[in-house]
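Everything on this sheet refers to the single structure shown next.
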Amino acid sequence: MTDRQIPSWTELKPLLRPKPIELNATRRRLADALTIADLRTVARKRTPRSVFDYTDGAAEAEISLRRARSLFRQLEFQPSILHDVSHVDPTTDMIGTRSALPFAFAPTGFTRMMNHEGERAVVRVAERRGIPYALSTMGTTSIEEVAKAGPDAHKWFQLYVWKDRSAGEDLMARAKAAGYEALMLTVDVPVAGARLRDSRNGFSIPPALTAKTVLDAATHPAWWMNLLTTEPLTFASLSSWSGTVADLLDTLFDPTMTFADLEWIRESWDGPLIIKGIQTVEDARRVTDAGADALVLSNHGGRQLDRAPVPLRLLPDVTEAVGDRTQVWVDTGIMSGADIVAALALGADATLVGRAYLYGLMAGGERGVERAVDILEREIRRTMALLGVSTVTELGPQHVRLP
């Protein structure tokens, strides 16, 4: 039988370490978020359903997105033991830019819909953390205003080709004049994907005041107050729009674009060129032959063609096909720093993250984006150390096994 005694105060006192009370609600929410999934949970509570679903959702039955995330979950790491990992260096080269972490902020449309701080918040975090940021053609802050918000950030401009080619030429000229370092051409949106959550929610730009949205406003008053009391939504590329996202894409974007049009891009842009939306080995070869400085294996976060190839699955074959002629990046499905490390081990030179930082933005504005980077960096460093590597270049296929 175990002898028991009543503990004395001197024994209890060292155990009493109450957690400091955080009075700021945003800081409290963000501090409790330990993963990107936690940020997603906060974002869902803080944001109107239609806006959250626009960010969170994908095309049709959302099979492409689920498959991408599932592959990351199912892969197996292969750690190597007894290596000095006292100092882990997660920096990497992205088309001549030294990024402090092996990812960039992907271009995302309508960012000020997620949170009124929008693109300015994202580029400020990118500047502080030393990672690149790509402004979308469909961003809700102008090219010049983003440049002003993050003057020392590594900024890229993402271009969709419009039916009006002169508009595209003007965008590229403005980006160049504002100091953007590279052009990211997205090639997987000849027409808009069928994003059924948006259709069911009646999602429009800007949000319409219907019976459903007014009811939603009652449960998300802070979001609506911020939307209605800050500057009206403007766009990086056009002055205004009133309608659905799908209608906007189908109205503006050019479905006739072919490989021959890359010559037109090169005539207007003489800096580094990134081509995003590659989904086959053959297309990876073709854009490499066309002189792309980097290509992004991406199915647009599952938001265009459902049942599209899973970018991570393509990665080993693509890197073998193109060799060192161009950099190969990957996106879609990334929800953790471990996912990023896995992609690097399978041959990616770097990755793009989109939803991960948008969940942070919706959860807490600029501070939420910062928290997302904190989470990803901590996971990247820890995963690298546990795999037995101290630099990104040490990662290789011996560290990951795909199912």
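The values are calculated or read from the model by the stated rules, or taken from the named source; none is laboratory data. In this text the structure is predicted, and so the values were computed from the model without any measurement. Heads up, the Cβs are rebuilt from the backbone with ideal geometry, glycines too, and the neighbour counts pull from every protein chain shown. Remember, those area values only see protein heavy atoms, side chains included, never the ligands or the DNA or RNA. Shrake-Rupley method; radii C 1.70, N 1.55, O 1.52, S 1.80 Å.
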- Query: Within the stretch 288-307, which residues are part of a loop (DSSP other than H, G, I, E, B) and free of Cβ contacts under 8 Å to residues at least 40 places away in the same chain?
  - Reply: ALA290, GLY291, ALA292
- Mind checking whether some residue in the stretch 365-387 is without any contact (Cβ under 8 Å) to a residue 12 or more places away in the chain and part of a helix (DSSP H, G or I)? yes
- Item | When residues of the stretch 332-345 are limited to those that are outside any helix (DSSP H, G or I) and surrounded by fewer than 24 Cβ atoms within 10 Å (Cβ to Cβ), the one nearest to the chain's Cα centre (by Cα) | MET335
- Message: Considering only residues that are in contact with a strand residue (DSSP E or B) (Cβ under 7 Å, 6 or more places away or on another chain) and either at pLDDT below 95 or open to solvent by 10 Å² or more (accessible area, probe 1.4 Å) (or both), which ones fall in the stretch 292-322?
- Response: ASP293, HIS300, LEU314, THR319
- Note on the structure: Residue pairs within 7 Å by beta carbon, gap of at least six or interchain, first lying in the stretch 351-363 and assigned to a helix (DSSP H, G or I), second of a type in the set (Val, Ile, Thr) and open to solvent by 10 Å² or more (accessible area, probe 1.4 Å), listed first then second, are ALA356/ILE334; LEU358/THR108; ALA363/VAL42
- For MET113, state whether it is aliphatic (A, V, I, L, M), in contact (Cβ under 8 Å) with a residue 12 or more places away in the chain and either under 25 Å from THR230 (Cα atoms) or open to solvent by 10 Å² or more (accessible area, probe 1.4 Å) (or both). yes
